[in-house]
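Throughout, read-outs are computed from the coordinates displayed, never taken from laboratory work. Here the structure is a predicted model, which is why all the values come from computation and not from measurement. Note: ideal-geometry Cβ built from the backbone for every residue, glycine included; neighbour counts use all protein chains shown.
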Amino acid sequence: MLVFAHRGASADAPENTLLAVKAALTQGCDGIEIDVHQHGDKLVVIHDHWLHRTTNGTGQLKDHSFEALQQLNAGSDERIPTLWQVMECIAGRCLLNIEIKGVSDVQLVLDNIEKAIHELNFTLDHFIVSSFDHHLLRSIKAHNPDLKIGALTASKPIEYAAFAQALNAYSVNADVSFVDEAFVLDAKQRGLKFFVYTVDQPADLATLASWQVDGVFSNGPGKAKAFLAK
Ligand code: G3P
Ligand code: MG
């Protein structure tokens, strides 16, 4: 079972910062998940479009210039990184799940991935682009059919994984609070991988492993890896 660091190793460093990305790499994760918003023609790595929860700023991302955002403290004196800075930091050493939140121009994401393949040690296989916004995922897939997409869901649909199959997704990425074996089996029968967020409890890891879930997003990837290795 693959272990992705959720927002980087966010139990040990401020979420979605380069410090959290570095900690995840040190902990030997298989992949790193980060959240991305568009800000003008830039892509910034932050979970919320409001600043107050994770930085010393106030208001929304759109209220500030890119230069002003760069001055904010995102915890432990870290900055809000750009997607490109995260890519440079990882440089192909593990998988990268780019979760797109507030992004209107998917071409910006695709351009970053293409550049990372040419300039850093990534291949296309290193990337998964996921979103709760399935319209964005459909657009990504239309632009690049070979790029893996993860269809996020915060609910258990009546037709289980049919929505992800319709998108030609690589994976269903579902919340641990409602995942059951029937949902996992349905996805697998449709040829989809099944990933679960956010998994920090050993008991959940054990259950998900027994259902042959393909991957988890964990705030403490090192601990999750150590538990699964037992
Ligand atoms: O991608 C998995 C997970 O990160 C989705 O939820 O709110 O933590 O971005 P959230
Ligand atoms: Mg996320």
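Straight Cα distances below 19 angstrom link LYS188 to the aspartates and glutamates GLU159, ASP175, ASP180, ASP214, with same-chain residues fewer than 8 positions distant left out.
222 nm [θ] for the chain, helices only, -39500 (n - 2.57) per DSSP H run of 4+, per residue, to 500? When only DSSP H runs of four or more count, the value is -9500 deg cm²/dmol. Measuring against 20 Å, Cα to Cα, the residue pairs LYS42/LYS115; LYS115/LYS141; LYS148/LYS223; LYS22/LYS230; LYS156/LYS223 contain LYS148/LYS223; LYS22/LYS230; LYS156/LYS223 as the ones spanning a longer distance.
Highest-first packing order for the peptide set 130-136, 104-110 is 130-136, 104-110, based on the mean count of other beta carbon atoms within 10 Å.
If you fit an axis through the alpha-carbon atoms of helix 134-143 and take the longest principal axis of the Cα set of the chain, what angle between them do you get, 0 to 90°, nearest 10? Around 80 degrees separate the two axes. A Gaussian network model of the chain, with springs between Cα atoms under 10 Å, assigns the largest mean-square fluctuation among ALA116, ALA20, ALA68 to ALA68.
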